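Structure first, then comments.
The values are calculated or read from the model by the stated rules, or taken from the named source; none is laboratory data. No experiment lies behind these values; they were computed from the predicted model shown. When we count neighbours, we look across all protein chains shown, and the Cβ atoms used for this are built from the backbone with ideal geometry, even at glycine. Areas reflect the complete protein model, heavy atoms only, side chains present, ligands, DNA and RNA absent. Shrake-Rupley method; radii C 1.70, N 1.55, O 1.52, S 1.80 Å.
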Amino acid sequence: MQTKKFVPCLYLYNEHAVKSLSDYAVVETDSFKVVDSFIENGADEIIIFDLAENEEAFAISTAIIGEIIKTAKKNELNVIIGGNITSMSSVHKYMELGASSVIIDLEKDDSIVLLENTADCYGKEAVIAGYNDAALIDNELDTITNCCSSLILMNPHQIRETIAVTNMPMYVQINQIALNKLLEIFAYPSICGVTGNTINDNLHEIDTLKNFCVENDIPIVTKAAKEPENVLTAAYKWEDFKLNNDGMVPVIVQDYQNNEVLMLAYMNKEAYDTTIRTGTMTYYSRSRDELWIKGLTSGHFQYVKSLDADCDMDTILAKVDQVGAACHTGSRSCFFNEISRKA
């Protein structure tokens, strides 16, 4: 059975939080206040539907979303983005901001091509298929299975129809339902989360609902007590490493979720000590001859998940939570120039 998540949803239109995808009545002018409430009340993830209708509005909304993602990441929450995603340019923008995944609406034109291209660029873990009718899943099941990590069903009356087609993990958006009915929905093994206004309007009940889930043997997301922010402990001192001729150690950097190799950089003693002290990846820039806190200029920070040394103690492997792009070109990874590949 899938672990269940309580996932509130921000519908973002003209900088404000609105009621739903179809109702643009403002419920809160300060969208950051809404997100703070999500976090304070125990959200397991956050979904944002960006409802921008033109380029100017898109520029404003993505700036807001970027700040929201930073706040969410500090609280170890993933942010999923949906809305008017119809091109790879919007996908790139959201992923560069640090979104964990994007929702591709199967009812939009060329959606299958878009989800295939998104999966090629960022892996299937970055793709969620959104739909109202289970027939859309059935018609493209092989592609969706290969290119998507999960589904988001916008019509809760199609749960049984979807389960008849696939056992892929599925979020369900629900706008109104009695809270005790959520337990019945969670009893379906493939349901991984509930989102929509049922969660938004009952944020203060999340802890109670989670207790009900535990009492009924329904698995939920549990969060360990937080350690003091950014504190790391190091089993090895800088003096334990074998340094290269420049007095540095190369660092291979991977995404902690999918092990994608993101970049190669170097540390000196100051960079190593700063990384341990702050929990944020810090290197030494050989070209600029200075300490380099990754993301200080771009906002594309790397937060340490683990650090390991190789058998010779001359290389470090860092697994990180990458905000946005690792490469200065805007690519997620620096390794994109294909040299050779066997079929």
Inset, instruction - Identify all lysines with a Cα-Cα distance to Lys5 below 24 Å; exclude those on the same chain that are fewer than 8 residues away in sequence. - result: Lys19, Lys33, Lys70, Lys73, Lys74, Lys124, Lys181, Lys210, Lys223, Lys226, Lys305
Inset, instruction - Subtracting the Cα-Cα distance from 0.36 nm times the residue separation, let me have the gained length for Thr3 to Ala135 in nm, one decimal. - result: 45.0 nm
Inset, instruction - Past 29 Å, Cα to Cα, is the threshold; run Lys319/Lys342; Lys93/Lys269; Lys4/Lys237 against it and keep the listed order. - result: Lys93/Lys269; Lys4/Lys237
Inset, instruction - For the chain, find the longest principal axis of its Cα atoms and tell me its angle to the long axis of helix 269-278, 0 to 90°, nearest 10. - result: 30 degrees
Inset, instruction - Compute the acute angle (0 to 90°) between the alpha-carbon long axis of helix 31-40 and the principal axis of greatest extent of the alpha-carbon atoms of the chain; round to the nearest 10°. - result: 80 degrees
Legend entry - Sparsely packed chymotrypsin sites (Phe, Trp or Tyr not before Pro) within region 284-332, loop by DSSP, other Cβ within 10 Å at most 10: none
Inset, instruction - Amide H neighbours of Ser150 under 5 Å, at least 5 residues apart or on other chains, H built in the peptide plane: list them. - result: Ala129
Inset, instruction - Express the accessible area of the chain per residue in Å², computed with a 1.4 Å probe while the remaining protein chains stay in the model. - result: 51 Å²
Legend entry - At R0 = 22 Å, FRET efficiency that the Cβ-Cβ distance of Ile163 and Leu183 yields, to 0.05: 0.85
Inset, instruction - Just grab the label-to-label distance for Asn41 and Lys242, each label 7 Å out from Cα along the Cβ direction, in nm (one decimal). - result: 5.7 nm
Inset, instruction - Report ³J(HN,Hα) in whole Hz for each residue of region 254-264, in order, from the Karplus equation J = 6.51 cos²θ - 1.76 cosθ + 1.60 where θ = phi - 60°; Gly and Pro get x. - result: 10, 5, 5, 7, 10, 6, 4, 6, 9, 5, 10
Inset, instruction - Round to the nearest 10 and give me the degree value, 0 to 90, for the angle of helix 88-97's Cα axis relative to the longest principal axis of the chain. - result: 60 degrees
Legend entry - Within the accessible area of region 29-121 (1.4 Å probe), percent carbon and sulfur: 44 percent
Legend entry - In Å, descending, principal axis extents of the Cα set of the chain: 65, 45, 39
Inset, instruction - Collect residues whose amide H, placed 1.01 Å from N in the peptide plane, falls under 5 Å from the amide H of Phe241; neighbours closer than 5 in sequence don't count. - result: none
Inset, instruction - Alpha carbons only, please: Rg and Dmax for region 226-337, in angstrom. - result: 13.3, 40
Legend entry - Gained length - Leu296 relative to Asp30, 0.36 nm times residue gap less alpha-carbon distance: 93.1 nm
Inset, instruction - Please name which of Asn75, Thr29, His16 has its Cα lying farthest along the dipole of region 1-153 towards the positive end, using unit charges on Cβ (Lys, Arg +1; Asp, Glu -1) and the Cα centre as origin. - result: Asn75
Inset, instruction - Would you mind telling me which residue in Val221, Val304, Val34 has the biggest mean-square fluctuation in a Gaussian network model of the chain, where springs connect alpha carbons within a distance under 10 angstrom? - result: Val221
Inset, instruction - For Thr145 paired with Asn14, estimate the spin-label separation in nm (one decimal), with each label point 7 Å from Cα along the Cα-to-Cβ line. - result: 4.6 nm
Legend entry - Whole-number percent relative contact order across region 292-342, with pairs defined as alpha carbons under 8 Å at least 6 apart: 26 percent
Legend entry - Sequence-separation-based contact order of region 1-152, relative, with Cα cut under 8 Å and 6+ spacing, percent: 16 percent
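For region 124-184, give the percent of accessible area contributed by carbon and sulfur heavy atoms, probe 1.4 Å, rounded to a whole number. Could the numbers behind the result be given before it?
Details: 1250 of 2870 Å².
Its accessible area is 43 percent carbon and sulfur atoms.
Rounded to the nearest 500 deg cm²/dmol, what is the calculated helix-only ellipticity per residue at 222 nm for the chain, with -39500 (n - 2.57) per DSSP H run of length n ≥ 4?
Details: 11 runs with 104 residues, N = 343.
Computed ellipticity for the chain at 222 nm equals -8500 deg cm²/dmol.
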